[in-house]
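> Let me begin by handing over the structure; questions about it come next.
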Amino acid sequence: MNALWSLLRRDVLLALRRPSEVLTVVFFFVVVAALFPLAVGPERTTLRMLAPGVLWVGALLASLLALNRLFEADHRDGTLEQMLLSGTPLTLLVVAKIAAHWVLCGLPLVLLVPLLGVLFDLSGDALGVLALSLLIGTPVLSCLGAIGAALTLGLRGGGVLLALLVLPLFVPVLVFGAGAVEALAAGLGSGAHLSVLMALLLLSGLFSPWACAQALRIALE
Amino acid sequence: MRRIPWTHYAAPQTFYGLAGVWWPPLAGLALALALAGMWVGFMVAPTDAQQGEGYRIIFVHVPASWMSMIIYLAMAFWGVVCLVFRARLAGMLSQALAPTGALFAFLSLWTGALWGKPMWGAWWVWDARLTSELILFFLYIGFIALTSAIEDPRRADRAGALVAIVGAVNVPIIYFSVKWWNTLHQGASVSLTRAPSMAQTMLWGMLLMALACWAYTVAMVLYRTRSLILQRERHTDWVAQLPECQPGVRA
Amino acid sequence: MAQVNALGLQTRDLACARGGKTLFAGLNLSVVPGQSLHLQGDNGSGKTSLLRLLCGLSEPAAGELLWDGAPMALVRETYLREMLYLGHALALKEGLSALENLHFAAALMDQAWSIDAATAALRQMGLREREHLPLQVLSQGQKRRVALARLCLSPARLWLLDEPFVALDSAACTVLQGLMQAHVAQGGMVVFTSHQAVELSGGDNRSLRLGAP
C-alpha cells in the first residue's frame with residue numbers, strides 16, 4: 001500500500017510541476033464544448049437537448065488524449081521496468097496509475113461541467129445529474145482506457161490505435177452517462193442509469209487493473 | 001479413451017500438414033452448401049405475405065450475423081488458450097479468424113441496410129442489433145489494427161488475445177446498453193429483429209447458408225494459418241524442405 | 001548475509017531469441033555469493049538480453065533460472081526483493097529531485113528510508129548540494145550517479161547492472177568499482193556488462209564472453 005500511495009503522489013506531484021499537460025487536456029474539453037454551439041446554432045432548446053451528449057463525448061475524447069501518455073513516460077525512462085521488478089503486485093501499481101489519471105484528467109472535467117453547462121443553458125437539476133454521471137463515469141473511462149494504453153505501449157500510431165481499441169468499450173458508459181440526463185429530462189428519473197454506471201464502475205474497477213497489468217507484461221516482454 | 005496428444009497437434013508442422021489436407025474439401029463443401037442454401041432461399045422458399053421478395057436477404061444477413069459473433073467468441077477462446085498455455089498455434093488461429101469475422105460483420109451490416117431500405121425507407125436505422133453489429137465490426141478492426149501494428153509476432157499474438165478476451169467480455173454489456181439506449185429513444189420504432197414467421201423451407205435455407213458459412217470459415221482459417229506458419233517458421237529446416245518452398249517451384 | 005541455502009543465481013540450458021534469431025543457447029552459468037560476473041561481447045551479442053532474462057523481464061526461449069537452488073517460478077517474490085536491476089535507462093524522473101527519486105525507489109521496493117542515509121549515499125557518489133534540484137538540470141553523468149546511489153541504499157544481494165560505467169568520469173568509476181568490490185567482499189553478487197575493461201580486485205571475479213567465438 002505504501003508503494004501505491006507513493007506512486008499516486010509521485011504522478012500528481014510531477015503533473016503539478018508541469019501543469020501544461022493537464023491544462024491542455026482541460027482546455028481541449030472546453031474548446032470542443034464551445035465548438036458545438038457554433039456548429040449547430042445558438043437556439044437554446046437544441047443546445048439543451050444536445051448538451052449531455054456533447055459534453056459526454058467531449059469528456060471521452062479529452063480522457064483519450066491523456067490516456068495516450070499514461071505509461072509512455074515511465075516506459076521511456078525505465079521506471080516502468082522498475083515497477084515490474086519491485087515485488088509489489090503490478091495490479092496495485094496499475095490502480096495507482098489509473099487513480100492518478102483520473103485525478104489529473106477526469107476530476108477537472110467533472111469540476112468544469114457546471115461552468116460549461118451554462119454555455120448550453122442546462123437547468124440546475126440536469127447539471128447536477130450530468131456532473132454526477134461524469135463523476136461515476138470518468139473513472140470507468142480511465143480504467144478501460146488504461147488497458148488500451150498498456151496494449152499500445154511504444155507502438156507507432158499509438159494514439160489513433162488506442163482510440164480505435166478503446167472507443168467501442170466506452171459505448172456502455174456513454175450510453176448510460178448521457179442517458180441519465182436525458183432520462184431526467186424525459187421525466188423518468190436518472191436513478192436507474194446512475195445505478196448501472198455504478199455497476200460498470202465496480203466491474204471495471206475490479207477487473208481492469210488486472211487486465212492492464214497483463215497487457216503491460218505482454219508489452220514489455 | 002486414449003489421451004489425445006495435444007502437444008503433437010499443436011505443433012505448427014503437424015498442423016500445416018493437416019490443414020493442407022482439409023481445407024480444399026471444406027472449401028468445396030462450403031461452395032456446395034452455399035449453392036444449395038441460395039437455391040432454397042431464392043427459388044424454393046415462398047414469398048413472404050408481409051415483406052414480399054425483399055425479405056430473402058435474411059438468408060445472407062442472419063448467417064453472417066451469427067458467424068460474426070461466433071467467430072469473435074472463437075477468437076476469444078483461442079486467445080485464452082494462447083495466454084494460458086502459451087501455444088503459438090492458438091495465437092495464429094486467432095489472427096487467422098479475424099479477417100473472416102470482420103468480413104461477416106461487414107456483410108451483415110450491408111445486408112441489414114439493404115433489407116431496411118425497401119422495408120422501412122431508410123438505409124440505416126439505429127436498431128439495437130445493427131448498432132451492436134457495428135460496434136462488433138469496430139472491435140474486429142481494432143484487433144486487426146493492433147496485431148498488424150506490432151512487429152514481434154509473440155507480442156502481437158498475446159496482445160491480440162487480450163483484446164479479444166476483453167472484447168468478448170464486453171460484448172454482452174455493449175449489447176445490453178445499446179438495447180436500453182434503443183428503447184429509451186422511441187424514434188427507432190422499427191426493428192429488424194422482427195423477422196417473418198418462419199416457414200419450414202425458410203429455416204432449411206438459413207440452416208444451409210449457416211453451414212456454408214461455417215465450412216467457408218474453417219477452410220479460410222486453415223488456409224490462412226498455413227500462410228502464417230510459413231511466415232513465422234521460415235527459418236526452420238522443415239519449412240526449407242517443403243516441396244512448395246523449393247526454388248523454381250511456383251506457389 | 002549468510003544463508004542456509006545460499007547457492008545464488010544459476011541458469012540451466014538458457015536460450016534467448018530476439019527477432020527470430022537465436023542469440024545464445026545452452027547457457028549454464030552460476031554466480032554464488034562472493035562472486036562477480038563481467039559479461040562481455042560485441043554489440044548485439046545478447047548481453048542486455050541476458051541481463052533482462054536474468055532479472056525476469058523477458059521469458060527465455062528455453063531453459064530455466066534458479067535462485068538459491070529453487071526454480072525461479074516458485075521463489076519469484078523473494079528473488080525480486082533480493083535483486084536490484086539497473087538498466088540502460090536510468091529509471092529516474094526528470095521532474096523530481098535526486099532525493100525524491102531515491103525516496104520513490106525505496107517506497108516502491110518497500111524499503112526503509114531515511115533522508116540522512118540517502119544524502120550520505122549521494123555524497124558518496126560525488127553529488128553535493130544538488131540533491132534538492134530537479135533532475136533535469138543535472139548533467140548525464142550526475143544523473144547516473146543518482147541512479148547508482150541506489151546501490152548504497154539497497155539491501156539487495158544480487159546486483160544486475162547494464163553498462164553502469166557509461167558517462168561516468170574516472171573518479172566516479174573508481175567509486176563504483178569500490179562499491180562493487182565491497183558488495184562482493186560482503187558476500188553479495190554482481191553481474192554487469194561493460195564495454196570497458198574493468199578490473200575488480202578481491203573476491204572471485206569472472207568474466208563471460210557472449211557471441212560468436
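> So, in region C:94-108, how many residues would count as being in contact with a Lys or Arg (Cβ under 7 Å, 6 or more places away or on another chain) and within 16 Å of A:Glu81 (Cα to Cα)?
Qualifying residue count, region C:94-108: 4.
> Please state which one of B:Val178, B:Val84 is modelled with pLDDT under 95, crowded, with 20+ Cβ neighbours inside 10 Å and assigned to a helix (DSSP H, G or I).
Working: B:Val84 fails: crowded, with 20+ Cβ neighbours inside 10 Å.
One residue alone meets the criteria, B:Val178.
> So for region B:109-125 (the condition being in a helix (DSSP H, G or I), in contact with a strand residue (DSSP E or B) (Cβ under 6 Å, 6 or more places away or on another chain) and farther than 30 Å from A:Pro209 by Cβ), does at least one residue qualify? Step through it out loud before you land on a result.
The initial filter retains those residues of region B:109-125 that are in a helix (DSSP H, G or I), namely B:109-120.
Adding the requirement that they be in contact with a strand residue (DSSP E or B) (Cβ under 6 Å, 6 or more places away or on another chain) leaves none.
Scanning region B:109-125 turns up no residue that is in a helix (DSSP H, G or I), in contact with a strand residue (DSSP E or B) (Cβ under 6 Å, 6 or more places away or on another chain) and farther than 30 Å from A:Pro209 by Cβ.
> While we're on this one: From the list A:Leu85, A:Leu90, A:Leu107, A:Leu14, exactly one residue is in contact with a helix residue (DSSP H, G or I) (Cβ under 8 Å, 6 or more places away or on another chain), within 14 Å of chain C (Cβ to nearest Cβ) and free of Cβ contacts under 8 Å to residues at least 60 places away in the same chain. Which is it?
Details: A:Leu90 fails: free of Cβ contacts under 8 Å to residues at least 60 places away in the same chain; A:Leu107 fails: within 14 Å of chain C (Cβ to nearest Cβ); A:Leu14 fails: in contact with a helix residue (DSSP H, G or I) (Cβ under 8 Å, 6 or more places away or on another chain).
Every option except A:Leu85 fails the conditions.
> For A:Leu134, indicate whether it is crowded, with 21+ Cβ neighbours inside 10 Å, more than 14 Å from chain B (Cβ to nearest Cβ) and touching a residue at least 12 places away in the same chain (Cβ under 8 Å). Explain how you work it out, then say what you get.
On the way: crowded, with 21+ Cβ neighbours inside 10 Å: yes; more than 14 Å from chain B (Cβ to nearest Cβ): yes; touching a residue at least 12 places away in the same chain (Cβ under 8 Å): yes.
For A:Leu134, the condition - crowded, with 21+ Cβ neighbours inside 10 Å, more than 14 Å from chain B (Cβ to nearest Cβ) and touching a residue at least 12 places away in the same chain (Cβ under 8 Å) - is met.
> So A:Glu72 fits all but one of (1) surrounded by fewer than 21 Cβ atoms within 10 Å (Cβ to Cβ); (2) without any contact (Cβ under 8 Å) to a residue 24 or more places away in the chain; (3) not hydrophobic (A, V, I, L, M, F, W, C); what number is the exception?
Only one criterion is unmet by A:Glu72, namely (2).
> Pick out, from region C:98-185, the helices (runs of 4 or more DSSP H) lying fully within it that include 2 or more residues that are within 14 Å of chain A (Cβ to nearest Cβ) and surrounded by fewer than 21 Cβ atoms within 10 Å (Cβ to Cβ). I'd like the intermediate steps shown before the answer.
On the way: elements: C:98-108, C:115-124, C:140-153, C:170-185.
Output list reads C:98-108, C:140-153.
> Can you tell which of B:Ala145, B:Ala122 is at the interface with chain A (Cβ under 9 Å from one of its Cβ atoms) and in contact with a helix residue (DSSP H, G or I) (Cβ under 7 Å, 6 or more places away or on another chain)? Talk me through it step by step, then tell me what you get.
Numbers: B:Ala122 fails: at the interface with chain A (Cβ under 9 Å from one of its Cβ atoms).
Checking each option against the conditions leaves just B:Ala145.
> Taking the condition closer than 25 Å to B:Ile150 by Cβ, touching a Leu at 6+ places or on another chain (Cβ under 9 Å) and at pLDDT 80 or above, does B:Val218 pass?
Details: closer than 25 Å to B:Ile150 by Cβ: no; touching a Leu at 6+ places or on another chain (Cβ under 9 Å): yes; at pLDDT 80 or above: yes.
Judged against the criteria, B:Val218 is not a match.
> Now, a different point. Within region A:188-221, work out how many residues are without any contact (Cβ under 8 Å) to a residue 40 or more places away in the chain and aliphatic (A, V, I, L, M).
Residues in region A:188-221 being without any contact (Cβ under 8 Å) to a residue 40 or more places away in the chain and aliphatic (A, V, I, L, M): 7 in total.
> Have a look at C:Leu84, C:Leu80 and point out the one that is part of a strand (DSSP E or B) and within 9 Å of chain A (Cβ to nearest Cβ).
C:Leu84
> Which residue is nearest to B:Arg154 (Cα to Cα), if the candidates are limited to region B:71-89 and must be touching a helix residue (DSSP H, G or I) at 6+ places or on another chain (Cβ under 8 Å) and free of Cβ contacts under 8 Å to residues at least 60 places away in the same chain?
Going residue by residue through region B:71-89, those that are touching a helix residue (DSSP H, G or I) at 6+ places or on another chain (Cβ under 8 Å) are B:71-76, B:78-83, B:87-89.
Next, only the ones that are free of Cβ contacts under 8 Å to residues at least 60 places away in the same chain stay: B:74, B:81.
On the way: B:Ala74: 19, B:Val81: 14 Å.
Across region B:71-89, the extreme among qualifying residues is B:Val81.
> Give the residues of region A:137-165 that are hydrophobic (A, V, I, L, M, F, W, C), under 13 Å from the mean Cα position of the chain (by Cα) and more than 8 Å from chain B (Cβ to nearest Cβ), sorted by residue number. Don't jump to the end; show me each part of the working.
Going residue by residue through region A:137-165, those that are hydrophobic (A, V, I, L, M, F, W, C) are A:140-141, A:143-144, A:146-147, A:149-151, A:153, A:155, A:160-165.
Next cut, under 13 Å from the mean Cα position of the chain (by Cα) only: A:140-141, A:143-144, A:146-147, A:149, A:163.
Those that are hydrophobic (A, V, I, L, M, F, W, C), under 13 Å from the mean Cα position of the chain (by Cα) and more than 8 Å from chain B (Cβ to nearest Cβ): A:Val140, A:Leu141, A:Cys143, A:Leu144, A:Ala146, A:Ala149, A:Ala163.
> Being surrounded by 19 or more Cβ atoms within 10 Å (Cβ to Cβ) and more than 10 Å from every other protein chain (Cβ to nearest Cβ) is the filter here, so list the residues in region A:205-221 that pass it.
A:Pro209, A:Ala213, A:Leu216
> In the set B:Leu35, B:Leu31, which member is of a type in the set (A, V, I, L, M) and loosely packed, with under 13 Cβ neighbours inside 10 Å?
On the way: B:Leu31 fails: loosely packed, with under 13 Cβ neighbours inside 10 Å.
So the residue among B:Leu35, B:Leu31 that is of a type in the set (A, V, I, L, M) and loosely packed, with under 13 Cβ neighbours inside 10 Å is B:Leu35.
> Do you know which residues across region C:12-38 are of a type in the set (Gly, Ala, Ser) and in a loop (DSSP other than H, G, I, E, B)? First the steps, then the outcome.
Going through region C:12-38, the residues of a type in the set (Gly, Ala, Ser) turn out to be C:15, C:17, C:19-20, C:25-26, C:30, C:34, C:36.
Within region C:12-38, C:Gly19, C:Gly20, C:Gly34 meet the criteria.
Every residue, every condition in (1) modelled with pLDDT of 90 or more; (2) over 24 Å from A:Thr91 (Cβ atoms), yes or no:
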site: C:Asn43; (1), (2): no, yes
site: C:Leu57; (1), (2): no, no
site: C:Pro60; (1), (2): no, yes
site: C:Tyr79; (1), (2): yes, no
site: C:Ser97; (1), (2): yes, yes
site: C:Phe104; (1), (2): yes, no
site: C:Met109; (1), (2): no, no
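> Identify all residues within region A:183-203 that are under 22 Å from the mean Cα position of the chain (by Cα) and within 10 Å of another protein chain (Cβ to nearest Cβ); write none if there are none. Give the steps one after another, and end with the answer.
Of the residues in region A:183-203, the ones under 22 Å from the mean Cα position of the chain (by Cα) are A:190-203.
Across region A:183-203, the qualifying residues are A:Ala192, A:His193, A:Val196, A:Ala199, A:Leu200, A:Leu203.
> Same structure again: Give the residues of region C:55-77 that are more than 7 Å from every other protein chain (Cβ to nearest Cβ), of a type in the set (A, V, I, L, M), within 20 Å of the chain's Cα centre (by Cα) and outside any helix (DSSP H, G or I), sorted by residue number.
Across region C:55-77, the qualifying residues are C:Leu65, C:Leu66.
> Return the residue satisfying two criteria in turn: it lies in region A:179-204 and is outside any helix (DSSP H, G or I) and not hydrophobic (A, V, I, L, M, F, W, C), and of such residues it is surrounded by the most Cβ atoms within 10 Å (Cβ to Cβ).
Going through region A:179-204, the residues outside any helix (DSSP H, G or I) turn out to be A:186-190.
Narrowing further to those that are not hydrophobic (A, V, I, L, M, F, W, C): A:187, A:189-190.
Numbers: A:Gly187: 6, A:Gly189: 12, A:Ser190: 24.
Ranking the qualifying residues of region A:179-204, first place goes to A:Ser190.
> Is it true that B:Pro25 is free of Cβ contacts under 8 Å to residues at least 24 places away in the same chain and either part of a helix (DSSP H, G or I) or of a type in the set (D, E, K, R) (or both)?
Working: free of Cβ contacts under 8 Å to residues at least 24 places away in the same chain: yes; either part of a helix (DSSP H, G or I) or of a type in the set (D, E, K, R) (or both): yes.
In short, yes.
Each row is one residue, and each column tells you yes or no for (1) surrounded by 15 or more Cβ atoms within 10 Å (Cβ to Cβ); (2) among the aliphatic types (A, V, I, L, M); (3) within 14 Å of another protein chain (Cβ to nearest Cβ); (4) touching a strand residue (DSSP E or B) at 6+ places or on another chain (Cβ under 8 Å).
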{"site": "A:Leu7", "(1), (2), (3), (4)": "yes, yes, yes, no"}
{"site": "A:Ser20", "(1), (2), (3), (4)": "no, no, yes, no"}
{"site": "A:Phe28", "(1), (2), (3), (4)": "yes, no, no, no"}
{"site": "A:Leu35", "(1), (2), (3), (4)": "no, yes, no, no"}
{"site": "A:Val54", "(1), (2), (3), (4)": "yes, yes, no, no"}
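The values are calculated or read from the model by the stated rules, or taken from the named source; none is laboratory data. Keep in mind that what you see is a predicted model, and the values were worked out from it rather than measured. As a convention, Cβ positions derive from the backbone with ideal geometry for all residues, glycine included, and neighbour counts pool all protein chains shown.
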